[in-house]
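Structure first, then comments.
The values are calculated or read from the model by the stated rules, or taken from the named source; none is laboratory data. The structure displayed is predicted, hence computed values, not measured ones. Cβ coordinates were reconstructed from backbone atoms using ideal geometry, including for glycine residues, and neighbour counts include every protein chain displayed.
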Amino acid sequence: MSGNTPGVRGSVVDRLLRLRPNSTVLAVSLDDDGGRYPVVQRFLTDTQTQTGDTDARGGSGDPAVILRQDLLSLVPALRGTSESPHVVLALPAELDLLPLLVELWRPRLGGSSLADHFEPGPVVVGLEASPFLADIGCVHRTVRLWDGDGRAASVTLAEAAARQVEAADTLLIPALTTGTDARLRSGVAALAGHLNGRAPLPASTDPVTAGPVRGGGWEAWRGRLEPVSVPFARRGRHEGVESVLWRSRRPLHPGRLADALAPVMNGVVRSRGHLWLSCRPNAVITWRSAGAHLALQECGEWLRDEAPEAWTTASSQRRTLASWFWHDYYGERRNEIVFTGVDLDALGIRSALDTALLTDAELALGEGGWAAFPDPLLSTDGTA
């Protein structure tokens with residue numbers, strides 16, 4: 001589990017312990033001074049007596065490596081506790097949850113993996129309403145997010161807040177004080193529910209008591225990180241929040257797409273998806289915005305019949321989606337973006353993006369002709 005503030009993390013841990021009183025808690029915090037690796041501080045409850053006593057440990061290194069060893073070292077003690085022991089892994093907001101979990105549970109050759117001893121549970125994320133609203137619109141400050149490869153990416157507070165919500169299987173928005181505004185929590189619940197359509201939409205009244213659901217596990221987490229996926233668009237409008245899905249099989253003209261960005265992004269809080277840009281016909285371009293910051297990035301290639309090796313390395317979800325959406329001419333290539341915001345102009349968004357698609361005459365030029373289109377969006381290294 002995780003949470004956007006220490007207070008909400010503690011509240012969610014307490015809720016989980018009420019569901020499973022004999023659970024062991026491994027709570028993690030990071031002290032990142034900008035070096036290669038952070039100091040990973042861990043607090044472990046007593047696995048034998050469950051008295052609330054904690055064992056504190058610290059070490060500098062890759063968080064995924066340290067936590068994997070911590071969890072594996074728990075196995076002998078947990079075998080003697082109960083028939084079905086549970087561990088609550090309480091992670092800080094500075095960890096990018098999905099990449100970290102993928103690395104923790106990744107199957108390993110010639111060595112023990114967590115999957116041999118632990119069945120991953122659901123990812124539970126708690127949100128404190130006011131800080132979340134402040135962060136989701138903040139693009140002038142950044143935070144370092146540690147992923148599962150021992151690297152830290154500098155992202156805006158808005159991007160970090162959105163990723164945390166999108167990683168959840170269950171979202172909880174508890175009232176930490178009696179004076180918490182129910183209307184504020186209701187609005188945050190609506191926004192969080194649109195950012196993450198997999199998690200149950202939290203109740204707007206106090207208290208939120210939704211219990212955790214079954215998690216997806218390693219393959220499901222890996223599939224959600226694929227550059228080509230199907231973003232979930234929650235239907236309807238909740239507290240003024242709505243999501244708009246745009247899809248197309250035609251490639252986009254880079255110049256006209258650049259011209260369309262201003263009307264498309266008006267009022268958008270979060271958007272995610274992937275593009276087929278005509279000037280880069282074989283590259284998957286990921287689209288990700290949070291607040292007023294939009295990032296486009298070349299991220300791998302489209303699956304093709306003539307490159308069978310790419311199919312073997314793709315996740316099962318990616319291969320399934322490619323089969324579902326396969327076109328004899330276009331192959332896997334397509335555009336798909338979900339926009340979430342308040343009082344969005346759905347017709348205007350779709351119309352602006354449709355205008356950026358190649359015309360019949362441009363489409364007839366083929367890939368050789370498309371290469372001549374100037375690209376004002378992406379630099380030579382495939383980022384914007």
Study note, to complete from the structure: Exactly one of Arg108, Arg163, Arg144 is in a loop (DSSP other than H, G, I, E, B) and basic (Lys, Arg), and that one is Arg108
Exercise for review: Mind listing just one residue for me: the one in the range 229-246 that is of a type outside the set (A, V, I, L, M, F, W, C) and crowded, with 16+ Cβ neighbours inside 10 Å and, of those, nearest to Thr313 (Cα to Cα)?
Suggested key: Ser229
Practice item. Could you tell me whether any residue of the range 87-97 is touching a residue at least 24 places away in the same chain (Cβ under 8 Å) and of a type in the set (Gly, Ala, Ser)? Key: yes
Point to revise | Unique residue being more than 26 Å from Ala161 (Cα to Cα) and surrounded by fewer than 16 Cβ atoms within 10 Å (Cβ to Cβ) when the list is Ala361, Ala352, Ala322, Ala346 | key: Ala361
Point to revise | Residue satisfying condition, being modelled with pLDDT of 90 or more, of a type outside the set (Phe, Trp, Tyr) and part of a helix (DSSP H, G or I), within set Val28, Val8 | key: Val8
Practice item. Look at the range 337-383 and say how many of its residues are assigned to a helix (DSSP H, G or I), of a type in the set (Val, Ile, Thr) and touching a helix residue (DSSP H, G or I) at 6+ places or on another chain (Cβ under 6 Å). Key: 1
Review point. Are any of the residues in the range 258-273 more than 22 Å from the chain's Cα centre (by Cα) and part of a strand (DSSP E or B)?
Key: no
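Within the range 216-228, identify whether any single residue is part of a loop (DSSP other than H, G, I, E, B), of a type outside the set (A, V, I, L, M, F, W, C), surrounded by fewer than 21 Cβ atoms within 10 Å (Cβ to Cβ) and at pLDDT 85 or above, and answer yes or no. I'd like the intermediate steps shown before the answer.
Restricting attention to the range 216-228, the residues satisfying the condition of being part of a loop (DSSP other than H, G, I, E, B) are 216-217, 225-228.
Among the residues that remain, those that are also of a type outside the set (A, V, I, L, M, F, W, C) are: 216-217, 226-227.
Restricting the remaining residues to those that are surrounded by fewer than 21 Cβ atoms within 10 Å (Cβ to Cβ) gives 216-217, 226-227.
Then keep just the ones that are at pLDDT 85 or above; that gives 226-227.
Yes - at least one qualifying residue is present in the range 216-228.
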Practice item. Could you grab me the full set of residues in the range 124-139 that are crowded, with 24+ Cβ neighbours inside 10 Å and among the β-branched types (Val, Ile, Thr)? Key: Val124, Val125, Ile136
Exercise for review: Pick out the one residue from Ala129, Ala160, Ala182 that is in contact (Cβ under 8 Å) with a residue 24 or more places away in the chain and in contact with a strand residue (DSSP E or B) (Cβ under 7 Å, 6 or more places away or on another chain).
Suggested key: Ala160
